[in-house]
């Protein structure tokens, strides 16, 4: 009951916010100092609720532990909406397990902020380097990563037909039974993507796609893995970074950036109020935005970064050359129910 | 012992049955009624708090909801029939014939029982996904067919029924095999002496005697399937349809529709009650006491020329339910990507390395899983035994209520119970959410019906005459229970303990709502890994889970205190 009422309240608050929020002062930026490191070691652990691909998240955590021995990272990975559900349940019952939360659904953070669950904190690098539209003016969260939800295919499994080039191409009969797709009810990335694509292409496009015998999976990390298994030849949507990682492993997959545009999902991160390990949280939070971590995200994880010092791997199409479909979280939050309902109507689940 | 002078003293001694009954009734009452109360409350209230029937109106007018129900019911019925068809012949073969290797077969069936259904579903995904499934790849390679051809597609309704059946039939098997063990040879001898042929005896004497176990087993299978979450989530969602549990789960996606979810769970309750009534009606008032003070050893039927066809049947069942799935898990654990062929050049231990060293959740989850398994199994076995004793022996008036309370949770799908428990215990009064205690409560509640059903059906099989003899000779009720009744029930209690232990390892639907970072279980991390498609890691975790739980079940069955070796000894005391 509280969930729904608060959602309604949030929607109103979002409307108000976007109308012209007061520029409340963000706290002064902080840097990683020996004092902070010492305090973090006293905490000993940092609990990170994340929606980043598990291997990437664990790798980042391991690098951190190597750099700051004495501080362990507990990685709790789930799909964005599951992370959201879990943190909601915990906050409602007064449980404070998590230090840092990070999901790929920007709507989540509007909600967190509205609920007052976030602790303002601005690492120096975010204050100095991040573009203004990729950080909260009140310093409660900032864009930790971004990734595209891309169309992609297995080159070796699609030899008999011309590969798709546009979104409309996917409706062609030759692709029937050969596609896999993730679910907006589970994945924040796909919710964002479904929102912008339904605006761009209309629901008729989804209705027709629903008749193409599409394999339905949950997380946006999963379609690339179905391509890797060879279970399907084309992914309608799914994380770009997982495709990059497959390419690095030598799996013959090819990304398609249709001329109509490709949806982008912004993954924010923030420190939770009442975090059980506040100093370790601050240290890890600052670490997440450091050039080193962001470069690792890019190299190993294939994630896009807002840190201008990060160098993209060769062979990857730079963001500047891709037509991006950006989503407005305050608009999206109003469409969530419609999207889910329409989706079930056309795809069965 | 037969000191008549002691008798009057004993009569005056306070009977502990009444206080035990009251305590148990209260305890079970809270356990069962509290979550149910919240469910009902939520189903008839608006978010704002006012009374409404809107949720039920939406339930019966919403096509997607009705379709999910229809599919779930058809699926459960299919699973029930399939389980019974697989389990009954197999149980007869291993219990009452000279089938080659029947001990090993029995052990392997236990293995498929230990397999959590969601893991089985994942294994069958690896085997029979239309394009990448191992069986389909082999089939295409053998016959040189194009990629579009496939022999099996597991992402279909029959595929789902098949997979759930494969990992649910051991419920029927164990019950029926135990019942076959207990059928007294003298009744069959009587039939033979009166001129009945082997087939007649089987049909007219033996089968009717095991019918209660068959029905009880099939009922468990149907209810398991109806309320199962993991396998449908893994197989039905890719196929593009919902069953009722996945549908209810989807109602918890943000923003959660708790009222509708609660209302959607109500028909499950009704269906279950109807099924249980149906079972009663079929069994009627017939008596099925098979374990009296005097009975001969079960007879073994010589199969003759049918030995090898029967063996082939058993082997076939085992291939589908144990051997192929395990090989698929093992193979996938050893190759980089699930679709890769296993060759000396592709073989890798990277998934093992990841799970054992890189993946921070592994150790905690394994620890939690097994601690909870032990605690839940022991609690359920003790409670079920006392309840079954009080209820079947009708020690106090209204004892039937206890049996009802112990059976009632069967009607609550795990996922709904999870919500009910969350609403009941995750508040400032209890603050159990985030601890393993809320999971313990969930597991005990979920598993109590299965444990109780087994132990109480075993109680029905023990004629009170032995207890009466003990009581007449001056033993107290507890002493009788301890010295006479429990030794005869030992196999059933051990079986029930194992059922519950394995049940907690298989449980996913309530667990998924109740775990937090510090209380995660292996089932949940496997589910999370499946959602992100990390097949290799799943297979490694699954294999670890299987090996450890198999060892536990094996050890428990071998413990001398618990009547090791599985043989029933009735000569104690």
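Okay, here's what the table says:
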{"item": "Test for residue B:217: is it out of contact with any strand residue (DSSP E or B) (no Cβ under 6 Å at 6 or more places or on another chain), more than 30 Å from residue B:121 (Cα to Cα) and assigned by TED's automatic domain parsing to the domain that holds residue B:269", "result": "no"}
{"item": "Subset of the stretch A:154-180 [under 20 Å from residue A:261 (Cβ atoms) and either more than 13 Å from chain B (Cβ to nearest Cβ) or in contact (Cβ under 8 Å) with a residue 60 or more places away in the chain (or both)]", "result": "A:163, A:164, A:165, A:166, A:167, A:168, A:169, A:170, A:171, A:172"}
{"item": "Residue among A:302, A:267 that is in contact (Cβ under 8 Å) with a residue 12 or more places away in the chain, in a loop (DSSP other than H, G, I, E, B) and surrounded by 22 or more Cβ atoms within 10 Å (Cβ to Cβ)", "result": "A:302"}
{"item": "Tally, over the stretch A:77-105, of residues that are facing chain B (nearest Cβ under 7 Å), in a helix (DSSP H, G or I) and over 12 Å from residue B:516 (Cβ atoms)", "result": "2"}
{"item": "Filter result for the condition that a residue is modelled with pLDDT under 85 and farther than 29 Å from residue B:176 by Cα, over B:281, B:262", "result": "B:262"}
{"item": "Some residue of the stretch B:44-52 being in a helix (DSSP H, G or I), surrounded by 14 or more Cβ atoms within 10 Å (Cβ to Cβ) and at pLDDT 85 or above", "result": "no"}
{"item": "Unmet requirement for residue B:322, which otherwise passes all of (1) over 20 Å from residue B:103 (Cα atoms); (2) in contact with a helix residue (DSSP H, G or I) (Cβ under 7 Å, 6 or more places away or on another chain)", "result": "(1)"}
{"item": "Of all residues making up the stretch B:335-355, the number that are more than 9 Å from chain A (Cβ to nearest Cβ) and without any contact (Cβ under 8 Å) to a residue 60 or more places away in the chain", "result": "10"}
{"item": "Selection status of residue A:55, more than 7 Å from every other protein chain (Cβ to nearest Cβ) and closer than 20 Å to residue A:119 by Cα", "result": "no"}
{"item": "Search result, residues across the stretch B:205-219 that are surrounded by fewer than 21 Cβ atoms within 10 Å (Cβ to Cβ) and either within 13 Å of another protein chain (Cβ to nearest Cβ) or over 21 Å from the mean Cα position of the chain (by Cα) (or both)", "result": "B:205, B:207, B:208, B:209"}
{"item": "Residue within the stretch A:257-274 that is more than 27 Å from residue A:109 (Cα to Cα) and within 20 Å of the chain's Cα centre (by Cα) present", "result": "yes"}
{"item": "Count of the stretch B:471-524 residues which are more than 25 Å from residue B:246 (Cα to Cα) and assigned to a helix (DSSP H, G or I)", "result": "25"}
{"item": "Leading residue by the ranking (farthest from residue A:278 (Cα to Cα)) among those in the stretch A:58-71 that are within 10 Å of chain B (Cβ to nearest Cβ) and in contact with a helix residue (DSSP H, G or I) (Cβ under 8 Å, 6 or more places away or on another chain)", "result": "A:59"}
{"item": "Residues of the stretch B:62-111 classified as buried (at least 20 other Cβ atoms within 10 Å of the Cβ) and in contact with a strand residue (DSSP E or B) (Cβ under 8 Å, 6 or more places away or on another chain), total", "result": "1"}
{"item": "The stretch A:202-226 - residue that is in a loop (DSSP other than H, G, I, E, B) and touching a residue at least 40 places away in the same chain (Cβ under 8 Å) and, of those, nearest to residue A:241 (Cα to Cα)", "result": "A:221"}
{"item": "Condition check for residue B:543: assigned by TED's automatic domain parsing to the domain that holds residue B:370, within 30 Å of residue A:51 (Cβ to Cβ), modelled with pLDDT of 85 or more and in contact with a helix residue (DSSP H, G or I) (Cβ under 8 Å, 6 or more places away or on another chain)", "result": "yes"}
{"item": "Meets criteria (free of Cβ contacts under 8 Å to residues at least 40 places away in the same chain, part of a helix (DSSP H, G or I), at the interface with chain B (Cβ under 7 Å from one of its Cβ atoms) and surrounded by fewer than 21 Cβ atoms within 10 Å (Cβ to Cβ)) for residue A:74", "result": "no"}
{"item": "Any hit, the stretch A:16-34, residues being more than 7 Å from chain B (Cβ to nearest Cβ) and closer than 30 Å to residue B:363 by Cα", "result": "no"}
{"item": "Residue check for residue B:352: buried (at least 17 other Cβ atoms within 10 Å of the Cβ), part of a helix (DSSP H, G or I) and at negative phi", "result": "yes"}
{"item": "Extreme residue, nearest to residue A:333 (Cα to Cα), among residues of the stretch A:213-224 that are buried (at least 20 other Cβ atoms within 10 Å of the Cβ) and either more than 7 Å from chain B (Cβ to nearest Cβ) or more than 20 Å from the chain's Cα centre (by Cα) (or both)", "result": "A:220"}
{"item": "Filtered residues of the stretch A:225-258 (kept if within 17 Å of residue A:175 (Cβ to Cβ) and at the interface with another protein chain (Cβ under 9 Å from one of its Cβ atoms))", "result": "A:226, A:230, A:231, A:232, A:233"}
{"item": "Filter result for the condition that a residue is out of contact with any strand residue (DSSP E or B) (no Cβ under 8 Å at 6 or more places or on another chain), farther than 22 Å from residue A:313 by Cα and part of a helix (DSSP H, G or I), over A:242, A:199", "result": "A:199"}
{"item": "Residue count, the stretch B:220-269 (criterion: part of a loop (DSSP other than H, G, I, E, B) and facing another protein chain (nearest Cβ under 9 Å))", "result": "9"}
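Here's the yes/no breakdown for (1) in contact with a helix residue (DSSP H, G or I) (Cβ under 7 Å, 6 or more places away or on another chain); (2) outside any loop (DSSP other than H, G, I, E, B):
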| position | (1), (2) |
| --- | --- |
| A:286 | no, yes |
| A:314 | no, no |
| A:340 | no, yes |
| A:346 | yes, yes |
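Residue by residue, here is whether (1) over 12 Å from residue A:150 (Cα atoms); (2) assigned by TED's automatic domain parsing to the domain that holds residue A:159 holds:
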{"site": "A:177", "(1), (2)": "yes, yes"}
{"site": "A:184", "(1), (2)": "yes, yes"}
{"site": "A:189", "(1), (2)": "no, yes"}
{"site": "A:224", "(1), (2)": "no, yes"}
{"site": "A:271", "(1), (2)": "yes, no"}
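Residues checked against (1) part of a loop (DSSP other than H, G, I, E, B); (2) within 14 Å of another protein chain (Cβ to nearest Cβ); (3) within 18 Å of residue B:28 (Cα to Cα):
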site: B:397; (1), (2), (3): yes, no, yes
site: B:406; (1), (2), (3): no, no, yes
site: B:433; (1), (2), (3): yes, yes, no
site: B:469; (1), (2), (3): no, no, no
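The values are calculated or read from the model by the stated rules, or taken from the named source; none is laboratory data. The shown structure was predicted, so the numbers you read here are calculated from the model rather than taken from an experiment. Methodologically, a virtual Cβ is constructed for each residue, glycine included, from the backbone with ideal geometry; neighbour enumeration extends over all protein chains shown.
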